[in-house]
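A.B. asks: After the structure tokens below, expect a handful of questions from me.
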Number of protein chains: 2
Amino acid sequence: MRPYKHPPASDLVLERVLYALSDSIRLEIVRHLAGVDNATCGELDGGRPKSTVSHHFKVLRESGLVLTEGVGTAHINTLRRDDIDRRFPGLLAAILAQPA
Amino acid sequence: MRPYKHPPASDLVLERVLYALSDSIRLEIVRHLAGVDNATCGELDGGRPKSTVSHHFKVLRESGLVLTEGVGTAHINTLRRDDIDRRFPGLLAAILAQPA
């Protein structure tokens, strides 16, 4: 399995993070990940077709919000909470505090 | 001058606000408006062509972030700070607190 590309913490861009969170499916994935250590794509896709969610995971990775690692045949996703909080203090907490 | 349409405060949607703020020109306009009572489009366009910025103002209006009123031949823009803060407490403050 080819490793996914992720931006380093120093390259995170506010507008890109806001864009990643401007879609209800991606926001739902991030809300879910904020409450667990990590989750497979299957646990996060809400039963949606793989073709739909794989694009959303890509946007989330490219924004720096989500880290995806291949473990065996599974894809394990983790919220990059520390990287985001260090770079954009208070941002994610304020967004996740809004009612779903 | 035909009045612009604006969503009522009760219809504001988090994802739409985040989308409106996910573009650097729109974020710059909102940052500017956060520091003044109101401003004309000309004061906010940063010298960009009207065709470019009119789309951005439309997105900002439709998200509920900005109110545009025609006054004589001018368009006066105001940040709907109270509506946004009441509906999404802490959100705008957290975003505007990030360095530009």
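The values are calculated or read from the model by the stated rules, or taken from the named source; none is laboratory data. Just so it is clear, the model here is predicted, and its values are computed rather than measured. Cβ coordinates were reconstructed from backbone atoms using ideal geometry, including for glycine residues, and neighbour counts include every protein chain displayed. Calculation scope for accessible area: heavy atoms of the full protein, side chains included, ligands and nucleic acids excluded. Shrake-Rupley method; radii C 1.70, N 1.55, O 1.52, S 1.80 Å.
A.B. asks: For label points placed 7 Å from Cα toward Cβ, what is the shortest-first list of nm distances from residue A:40 to its copies?
C.D. replies: So the label point of residue A:40 gives 6.1 nm to the other copies.
A.B. asks: Turning to a different aspect of this structure: Which distances, shortest first and in nm, link residue B:100 to the matching position in the other copies, using label points set 7 Å out along Cα to C-beta?
C.D. replies: Listed shortest first, these distances are 3.7 nm.
A.B. asks: Please label the shape of region A:9-95 as rounded, prolate or oblate, based on the square roots a ≥ b ≥ c of the eigenvalues of the alpha-carbon gyration tensor (a/c under 1.5 means rounded; beyond that, a/b larger than b/c means prolate, else oblate).
C.D. replies: In terms of gyration-tensor shape, prolate.
A.B. asks: Further question on the same structure: Looking only at region B:66-100, which residues have a backbone nitrogen under 14 Å from a spot 7 Å from the Cα of residue A:82 in the C-beta direction?
C.D. replies: Flagged as within label range: none.
A.B. asks: Additional query: Express the accessible area of the protein assembly as shown per residue in Å², computed with a 1.4 Å probe while the remaining protein chains stay in the model.
C.D. replies: Per residue, the protein assembly as shown has 53 Å² of solvent-accessible surface.
A.B. asks: Relative to the first principal axis of the alpha-carbon coordinates of chain A, what is the inclination of helix A:50-63, with its axis defined by its Cα atoms, in degrees from 0 to 90 and to the nearest 10?
C.D. replies: The angle comes out at about 40 degrees.
A.B. asks: Would the protein assembly as shown count as rounded, prolate or oblate if I go by the C-alpha gyration tensor, calling it rounded below 1.5 in a/c and otherwise prolate when a/b exceeds b/c, oblate otherwise?
C.D. replies: Because a/c hits 1.5 or more and a/b exceeds b/c, the protein assembly as shown counts as prolate.
A.B. asks: Additional query: Does region A:1-46 classify as rounded, prolate or oblate by the C-alpha gyration tensor (a ≥ b ≥ c root eigenvalues; a/c under 1.5 gives rounded; else a/b over b/c gives prolate, otherwise oblate)?
C.D. replies: oblate
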